[in-house]
Amino acid sequence: MEKFKILNILDTYYDLTKLKNKKRQGWIYWNVTADRIESIAEHIFGAEQLAWLIYSEAELDLDIYKVISMLSLHETEEITIGDITPFDQVSREEKKRRGHIAIEETFKNLFQNEMMINLIKEFDAGETKEAKFAVMCDKLECDLQVKKYYEQGFVSIDNSTDIVKKNETTINYQNAGITDVGEIFLKNDKGYYEGTVFEEIASFIKEYRIQNKNS
């Protein structure tokens, strides 16, 4: 292999591994008090594992390898643009625009960059069955993580930042008597899950209690 190709691998690798040290911005806004907050890289790992597990048990007709490929790349833009959350008041279209510029820059020196960029764009479009499944895995991973934080006592509306407390959606949930942060996340993602196996999983999650609360 030519040295410049090895250099492309190493330079891009070290860029991507920055995600190991970038915390999920949503948990910062929610002021999660765990000793160590989930990184973006850990979120990617969790979404990939969920995809394998759900595919294993749900007998779905889709290309799971394509799903895993999309999930392995779907947060890549956050190296450059950061983890943009709904609290940041950036439209989905603008977030995608910024993200696509970022990924093109990250992968620009790789010979297979077009393939990787297209996978991310397919994920963002959310139109193919693989993309829809991947997006739901992405959402569910977040829902499961916040459920764990809530059951461990690491997150609450009262302890969140003003960005969360003053958010209209948060206020509406409080006015409706809903203070379980895990339930709030599930309700926010309900529209993604309807009519799929994820709806069944989300319904079950409400009654499920995490056994190992110390990990």
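Given the pairs Lys121/Lys166; Lys3/Lys129; Lys18/Lys148; Lys5/Lys139; Lys108/Lys190, which span a C-alpha to C-alpha distance of over 31 angstrom in this model?
Correct reply: Lys121/Lys166; Lys3/Lys129; Lys5/Lys139; Lys108/Lys190.
Rounded, prolate or oblate: which one fits the stretch 34-133, using the alpha carbon gyration tensor with axes a ≥ b ≥ c (rounded when a/c is under 1.5, else prolate when a/b beats b/c, else oblate)?
oblate
Kindly provide the GluC sites (Glu not before Pro) of the stretch 116-215 that DSSP labels as loop, not H, G, I, E or B, and whose Cβ sees at most 10 other Cβ atoms within 10 Å. Can you show the working numbers first?
On the way: sites: Glu122, Glu127, Glu130, Glu141, Glu151, Glu168, Glu183, Glu194, Glu199, Glu200, Glu207; in loops: Glu127, Glu194, Glu207.
Sparse-neighbourhood loop GluC sites (Glu not before Pro): Glu127, Glu194, Glu207.
Mind running the shape call on the stretch 142-214? Use the C-alpha gyration tensor, a ≥ b ≥ c as the square roots of the eigenvalues: rounded below 1.5 for a/c, prolate if a/b tops b/c, oblate otherwise.
It is oblate, given that a/c is not under 1.5 and a/b is not larger than b/c.
In nm, what is the difference between 0.36 nm times the number of residues separating Lys23 and Thr128 and their Cα-Cα distance? Could you put the intermediate results ahead of the total?
Working: separation 105, 0.36 × 105 = 37.80 nm, distance 2.95 nm.
Fully extending the segment from Lys23 to Thr128 adds 34.9 nm.
Please report, in whole Å, how far the alpha carbons of the stretch 68-202 spread along each principal axis, starting with the longest.
53, 33, 26
When the accessible area of the stretch 1-93 is computed with all protein chains present and a 1.4 Å probe, what percentage of it is carbon and sulfur?
53 percent
Please identify the trypsin sites (Lys or Arg not before Pro) of the stretch 146-189 that satisfy two criteria: DSSP loop assignment and at most 13 other Cβ atoms within 10 Å. Which are they?
Here the trypsin sites (Lys or Arg not before Pro) that fit, given the DSSP loop and packing criteria, are Lys166.
Report the one residue of Thr161, Thr179, Val135 whose Cα lies farthest in the direction of the positive end of the charge dipole of the chain (charges on C-beta: Lys and Arg +1, Asp and Glu -1; origin at the Cα centre).
Checking the options against the dipole of the chain, the answer is Thr161.
For the chain, set up a GNM with springs between Cα atoms under 10 Å and report which of Ala102, Ala202, Ala58 has the largest fluctuation.
Comparing Ala102, Ala202, Ala58 in a Gaussian network model of the chain, the most mobile one is Ala58.
Between Asp11 and Ala176, what length in nm is gained on full extension when 0.36 nm per residue of separation is reduced by their alpha carbon distance?
This chain segment gains 54.4 nm when fully extended.
What figure, in Å² to the nearest 10, do you get for the accessible area of Asp11 with a 1.4 Å probe and non-protein molecules left out?
Spelled out: Asp11, probe radius 1.4 Å, area about 90 Å².
How large is the helix-only mean residue ellipticity at 222 nm for the chain, computed as the sum of -39500 (n - 2.57) over DSSP H runs with n ≥ 4, divided by its residue count, in deg cm²/dmol to the nearest 500?
-19000 deg cm²/dmol
When a/c is below 1.5 the answer is rounded, else prolate if a/b is larger than b/c, else oblate, so apply that to the stretch 60-104 with a ≥ b ≥ c taken from the square roots of the Cα gyration tensor eigenvalues.
Prolate, since a/c reaches 1.5 and a/b exceeds b/c.
About the Cα centre of the stretch 101-162, what is the dipole size in debye to 20, counting +1 per Lys and Arg Cβ and -1 per Asp and Glu Cβ, all else neutral?
So the dipole magnitude of the stretch 101-162 works out to roughly 180 debye.
In what order, largest first, do His100, His74 sit by accessible area if the probe radius is 1.4 Å?
Result of the area sort, largest leading: His100, His74.
The values are calculated or read from the model by the stated rules, or taken from the named source; none is laboratory data. All values reported here derive from a predicted model rather than from experimental measurement. Here the Cβ is made from the backbone with ideal geometry for all residues, glycine too, and neighbour counts use every protein chain on show. All accessible areas refer to the heavy atoms of the entire protein, side chains included, with ligands and DNA or RNA removed. Shrake-Rupley method; radii C 1.70, N 1.55, O 1.52, S 1.80 Å.
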